[in-house]
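Take a look at the structure set out below.
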Amino acid sequence: MLGIIEVPFLTRFVQPDELGKASMYSMGLNILMIITLYGIDQACMRFYYEDNVRKLLKNCLKLTFIVYTIGIFFLFVFRVPISVYLFNVYSPSLIFVIGIGTILFVLQRYGLLIFQMEQNGFLYSILTVAFRFFQLIFAIVFVFVIGNNYTILVYSRALTLLVVFILTLILLRGTWTTKFKLDKRPNTKSFKEIFFYSSPIALSGIVGLGLQSFDKMAIKQWSSYHELGIYVSAFTIVSMLQIIQASFTTYWAPLALEQFVKNGTEDSNKVFFEKANSMVTVSMLLIGVSIIMGKNLIVLILGEKYRLATSLMPFLVLMPMMNTISETTVLGINFYYKVRWHLYIAIIIGLINLLCNFLFVPSLGGRGAAISIGISYLVFYVLRTHISLKFYKVNYHLFKFYSILFLVILYALYSTFYPWDFYNSVAGIAVLLVIALSYYNNVKTEILSLFLNKNAV
């Protein structure tokens with residue numbers, strides 16, 4: 001809801017080219033954050049249930065600060081070309097904001113990780129909502145204090161990171177003093193083990209970030225900040241769907257790991273993962289197609305300057321849709337410590353994305369970038385799923401899924417190049433019906449099971 005309020009506010013007060021510049025700041029911040037984390041947060045998550053949590057966290061934080069120091073050194077040395085590339089001007093203050101914002105962002109990530117692994121949805125939600133709330137409030141204040149240029153988004157984001165970091169420390173006090181100090185388990189994970197586990201994840205994360213950054217870089221290189229602003233506005237709308245993805249992943253990651261530790265390769269366990277995949281798949285397909293159908297209505301909230309975003313949304317929707325579904329099919333890679341495959345997948349997808357942007361963006365602009373990222377995440381799902389099945393075989397009903405996905409891709413392609421009309425609506429409704437009928441038995445069985453269990457209780 002906060003996102004729905006924030007997006008039209010920004011698009012009505014901030015010009016597309018200014019929004020494009022602000023997106024370059026976010027990209028720089030995210031790159032430095034991914035480098036600083038170096039996959040150490042993922043190692044912390046994987047060993048959380050096996051090690052002394054307090055000592056594990058201390059080791060992870062020490063390693064993180066070492067990497068951060070190296071990253072800040074290079075940021076300082078290359079501060080001029082980095083600033084000029086991002087903002088077309090050298091600004092020491094913006095470079096400083098990126099450096100400070102990175103460590104605040106990283107420490108906030110560790111706070112969220114603790115609440116995630118403790119399955120404390122209440123405190124996790126407080127931090128997540130607080131970030132959105134303060135970002136909106138500070139953006140509104142800065143619009144009237146500074147003006148409607150890209151710096152309002154930079155400084156509102158930086159101040160939000162500081163406030164939420166302080167809130168994170170306050171909320172963590174209880175967990176740190178009560179639970180972690182009572183943890184008597186030995187510390188079994190050394191710096192070396194954490195580093196070697198996190199390294200493939202770090203490299204895949206960096207390549208993955210490139211996957212999410214090539215599109216913006218390509219538009220900046222071959223088009224303009226104005227086109228980039230239009231693209232970012234469409235991306236922001238689609239990010240509403242990523243909220244569902246993030247919420248699901250936050251809950252699913254510890255639950256799936258805990259389920260596997262308890263039941264391993266038992267058939268009943270595989271049935272559990274099969275059912276979870278079916279429910280997530282049908283939900284994301286229905287939501288994704290509905291967004292493509294309603295893109296013209298959704299984009300009305302952006303304002304007149306951003307109406308071209310309608311042609312960018314269909315393929316952008318594939319990113320959170322395929323990413324979320326793949327979280328239910330990537331199990332084998334994560335369960336059996338085959339993390340190097342994340343790196344291989346990321347490299348392949350990064351190269352595909354780079355090639356697609358090179359081919360499509362010069363001629364199609366933002367639409368080319370959207371198509372590129374859509375293609376990349378389709379391949380991302382295929383690789384994650386089929387590599388995972390080599391280690392942990394679950395029946396995901398892939399023939400049925402790929403058949404429906406083919407229809408969704410055709411519909412997205414049609415909606416990208418043709419304006420909304422009667423035939424577009426008919427095609428969308430037809431695809432929705434095919435999805436509903438194909439997964440009817442799966443959904444009916446699960447709903448009936450829930451209903452019967454509720455009555456039994």
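The values are calculated or read from the model by the stated rules, or taken from the named source; none is laboratory data. Predicted model only: the values in this text are computed from it and were never measured. Because the Cβ atoms are built from the backbone with ideal geometry, glycine has one as well, and the counts that use them run over all protein chains shown. Protein only, heavy atoms only, side chains kept; ligands, DNA and RNA dropped before computing areas. Shrake-Rupley method; radii C 1.70, N 1.55, O 1.52, S 1.80 Å.
Screening the range 393-412 for residues that are in a helix (DSSP H, G or I) and open to solvent by 80 Å² or more (accessible area, probe 1.4 Å) and picking the one that is farthest from Glu327 (Cα to Cα) gives Leu410. Determine, yes or no, whether Ile352 is part of a helix (DSSP H, G or I), closer than 25 Å to Met284 by Cα and either modelled with pLDDT under 85 or open to solvent by 10 Å² or more (accessible area, probe 1.4 Å) (or both). So Ile352 passes the test.
The set of residues in the range 413-443 being open to solvent by 30 Å² or more (accessible area, probe 1.4 Å), in contact with a Lys or Arg (Cβ under 9 Å, 6 or more places away or on another chain), part of a helix (DSSP H, G or I) and under 24 Å from Ala369 (Cα atoms) consists of Phe417 alone. Once the range 35-78 is narrowed to residues that are hydroxyl-bearing (Ser, Thr, Tyr) and not in a helix (DSSP H, G or I), the residue that is least open to solvent (accessible area, probe 1.4 Å) is Tyr48. Tyr344 fulfils the conditions (1) within 19 Å of Thr249 (Cα to Cα); (2) surrounded by fewer than 18 Cβ atoms within 10 Å (Cβ to Cβ) except for a single criterion, (1). Of everything in the range 185-202 that is modelled with pLDDT of 75 or more and surrounded by fewer than 19 Cβ atoms within 10 Å (Cβ to Cβ), the residue that is nearest to the chain's Cα centre (by Cα) is Ser199. For the structure I just gave you, tell me whether Ala309 is touching a residue at least 60 places away in the same chain (Cβ under 8 Å), under 30 Å from Tyr392 (Cα atoms), assigned to a helix (DSSP H, G or I) and open to solvent by less than 60 Å² (accessible area, probe 1.4 Å). Against the criterion (touching a residue at least 60 places away in the same chain (Cβ under 8 Å), under 30 Å from Tyr392 (Cα atoms), assigned to a helix (DSSP H, G or I) and open to solvent by less than 60 Å² (accessible area, probe 1.4 Å)), Ala309 does not qualify. Out of the residues in the range 136-149 that are open to solvent by 30 Å² or more (accessible area, probe 1.4 Å) and touching a residue at least 60 places away in the same chain (Cβ under 8 Å), which is nearest to Gln108 (Cα to Cα)? Checked the range 136-149; the qualifying residue nearest to Gln108 (Cα to Cα) is Ile140. Checking each residue in the range 121-135 for being open to solvent by less than 50 Å² (accessible area, probe 1.4 Å) and in contact (Cβ under 8 Å) with a residue 40 or more places away in the chain picks out Gly121, Leu123, Tyr124, Leu127, Gln135.
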